[in-house]
């Protein structure tokens, strides 16, 4: 059995991101409370708006931080698993009938074709790693 696991290259895990946001929010609220204490109340409105916008952006980031693709070939069985935004999908195909193709509009993009189905793969791979992955997968599909 051969397995390829490709994941998104993220600098922060969701836990690290929450620690970062808590420290940012603490500091921003501390500054805003100081200005509120000396009588400039409008600063707290801008701080709450800023923290809300940053929270939304970080939630979107963290939702896709753990995305991955996993392709396994075990004899005549190919298992394709993809996690996108927390939703995991898995498909199983006969490995002898699966073809590895290049997408016409983007020659660097690879896809699996099984009958009428067409699944883009390798979206998390760097461009320099794609040829080696393609050779290795073709070897196991043949």
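Would you mind telling me which numbered condition in (1) surrounded by 14 or more Cβ atoms within 10 Å (Cβ to Cβ); (2) more than 29 Å from residue 133 (Cβ to Cβ); (3) modelled with pLDDT under 95 residue 41 fails?
Condition not satisfied by residue 41: (1).
Restricting to region 44-76, give me the number of residues that are under 18 Å from residue 16 (Cα atoms), crowded, with 16+ Cβ neighbours inside 10 Å and touching a strand residue (DSSP E or B) at 6+ places or on another chain (Cβ under 8 Å). It would help to see each step written out before you state the result.
Within region 44-76, the first condition is being under 18 Å from residue 16 (Cα atoms), and the residues that meet it are 51, 54-67.
Those still in the list that are crowded, with 16+ Cβ neighbours inside 10 Å too: 51, 58, 62, 65, 67.
Filter once more, keeping what is touching a strand residue (DSSP E or B) at 6+ places or on another chain (Cβ under 8 Å): 67.
So the answer is 1.
Being surrounded by 16 or more Cβ atoms within 10 Å (Cβ to Cβ), touching a residue at least 24 places away in the same chain (Cβ under 8 Å) and within 25 Å of residue 63 (Cα to Cα) is the requirement here; does residue 79 meet it? Steps first, answer last, please.
Details: surrounded by 16 or more Cβ atoms within 10 Å (Cβ to Cβ): yes; touching a residue at least 24 places away in the same chain (Cβ under 8 Å): no; within 25 Å of residue 63 (Cα to Cα): yes.
It is false that residue 79 is surrounded by 16 or more Cβ atoms within 10 Å (Cβ to Cβ), touching a residue at least 24 places away in the same chain (Cβ under 8 Å) and within 25 Å of residue 63 (Cα to Cα).
State whether one or more residues within region 10-17 are modelled with pLDDT of 90 or more and in contact with a helix residue (DSSP H, G or I) (Cβ under 8 Å, 6 or more places away or on another chain).
Among the residues of region 10-17, not one is modelled with pLDDT of 90 or more and in contact with a helix residue (DSSP H, G or I) (Cβ under 8 Å, 6 or more places away or on another chain), which makes the answer no.
The values are calculated or read from the model by the stated rules, or taken from the named source; none is laboratory data. The shown structure was predicted, so the numbers you read here are calculated from the model rather than taken from an experiment. As a convention, Cβ positions derive from the backbone with ideal geometry for all residues, glycine included, and neighbour counts pool all protein chains shown.
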